[in-house]
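Structure first, commentary second.
The values are calculated or read from the model by the stated rules, or taken from the named source; none is laboratory data. What you see is a predicted model, and the numbers here were worked out from it, not measured in a lab. Cβ sites come from the backbone with ideal geometry, for glycine too, and all protein chains shown count toward neighbours.
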Amino acid sequence: TGQPVDPGYTDYPEMIAAADAIVAAHPTLASKVIIGQSFLAKNMIAIKISDNVATDENEPEVLFMANIHAREHLTVEMALYLATELTSQYGTDSRITSLVDSREIWIIPMLNPDGAQYDLSGPTYKDQRKNMQPNGTSKIGTDINRNFGYKWGCCGGSSPFKSSDTYRGTAAWSTPEATVVRDWILSRRVGGQQQIKEAIDIHTYGELVMWPFGYTFSSIVPGMTQDQYDTHKAIGTEMAQSNGYWPGQGSGLYITSGDTVDWMWGDQGIFSFTWEMYPKSFDIVTGFYPPASVAPAETTRNRDAALRFLGWADCPFRSIGKEN
Ligand code: 0X9
Ligand code: CA
Ligand code: CA
Ligand code: ZN
């Protein structure tokens, strides 16, 4: 890109420091969990936010994850904004207080720490998307968001070519980062019941809210009933009305296979969404690399959408008028 790295974006050490600072400031509300290690042995972390945070309570769990794609730095700011807002406004903002009291919220701010750190290593951005696992070509890495194990490698939704930006890897789960997220999500089952009810995988760019499936243009397929589809659509459309993004099924953008949301819904029954943040389209200054100075406006913009999303976690089907 030739664009100089903006030091306003949060890099890996700063992300860890920010998480530690949030936990230090709100030790009863926030905790840091190391969920595993990246290919280059960086700790991958989740921030848990809830009342009585040290106790695994019987409360619906919600996951926000960010920066699976290295160059999508604005998503880290989004994740840290949410963690900051949910803790600092607790006890002041009644809406936040009741959501934090009644849910267990997990935030993974940097799913691809190796790629993110490389992209920010300067002096100019590296245009890195994938992880940092060597593949024998000069375009290092595997696309972690094509490496999940639901319909992996199907249907033209990923690339078999190692140099491609959507290289799917040698097999499903060949990236340590996807495996860490899978194993951690599987660990959230209690008595066979997945505790995580909803998830958002935060990307840039396009200003979109998308739901599964990404692997097929069809809406209703095995693994997605009409009510389940309608529930995704209702919640996704509500979020898009709030933040001004465009709602739709993921395949409406293009077909993907092995992405996070298809696995989270298809394998774990978690109501799952992809956000594509600012900007709406490529322009001369931005694409993946708007100035970090846009972060306050572009994160605050999603506050209400995130809180509405948290509100459905106890019973997503309520969004279509069906309790069950
Ligand atoms: O291609 C992706 O992984 C995501 N877009 S990005 O520009 N951030 O790389 C979109 C994934 C959502 N699924 C579908 N669009 N099918
Ligand atoms: Ca709690
Ligand atoms: Ca729990
Ligand atoms: Zn992305």
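Of the residues Thr237, Thr204, Thr274, the single one that is away from ligand 2 (no atom under 16 Å from the Cβ), in contact with a Pro (Cβ under 7 Å, 6 or more places away or on another chain) and under 25 Å from Asp304 (Cβ atoms) is Thr237.
Of note, Asn135 does not satisfy the criterion of being of a type in the set (S, T, N, Q) and within 16 Å of ligand 4 (Cβ to nearest atom). Considering every residue within region 216-229, establish whether at least one is within 20 Å of Gly266 (Cα to Cα) and touching a residue at least 60 places away in the same chain (Cβ under 8 Å). Scanning region 216-229, I find at least one residue that is within 20 Å of Gly266 (Cα to Cα) and touching a residue at least 60 places away in the same chain (Cβ under 8 Å), so the answer is yes. Residues of region 224-256 that are within 15 Å of ligand 4 (Cβ to nearest atom) and either touching a helix residue (DSSP H, G or I) at 6+ places or on another chain (Cβ under 9 Å) or closer than 20 Å to Leu74 by Cα (or both): Tyr245, Gly250, Thr256. Among residues that are within 14 Å of the chain's Cα centre (by Cα), surrounded by 24 or more Cβ atoms within 10 Å (Cβ to Cβ), part of a helix (DSSP H, G or I) and touching a residue at least 24 places away in the same chain (Cβ under 8 Å), Ala79 is included.
Within region 283-324, the residues that satisfy the criterion of being part of a loop (DSSP other than H, G, I, E, B), free of Cβ contacts under 8 Å to residues at least 24 places away in the same chain and of a type in the set (A, V, I, L, M, F, W, C) are Ile284, Val285, Cys315. If only residues of region 262-317 that are farther than 24 Å from Ala116 by Cα and among the aromatic types (Phe, Trp, Tyr) are counted, the one that is farthest from the chain's Cα centre (by Cα) is Phe317.
I'd like to check something: does region 32-42 contain any residue that is more than 16 Å from ligand 1 (Cβ to nearest atom), more than 25 Å from Arg301 (Cβ to Cβ) and basic (Lys, Arg)? Scanning region 32-42, I find at least one residue that is more than 16 Å from ligand 1 (Cβ to nearest atom), more than 25 Å from Arg301 (Cβ to Cβ) and basic (Lys, Arg), so the answer is yes.
Across region 86-94, not a single residue is classified as in a loop (DSSP other than H, G, I, E, B) and modelled with pLDDT under 95. Looking only at region 225-266, residues that are assigned to a loop (DSSP other than H, G, I, E, B), within 9 Å of ligand 1 (Cβ to nearest atom) and within 25 Å of Glu298 (Cα to Cα) come to 3 in all. Exactly one residue out of Glu57, Glu72 is farther than 23 Å from Ala295 by Cα and touching a residue at least 24 places away in the same chain (Cβ under 8 Å): that is Glu57. Of all residues in region 60-76, those satisfying the criterion of being part of a loop (DSSP other than H, G, I, E, B) and either within 16 Å of ligand 4 (Cβ to nearest atom) or surrounded by fewer than 18 Cβ atoms within 10 Å (Cβ to Cβ) (or both) are Asn67, Ile68, His69, Ala70, Arg71, Glu72, His73.
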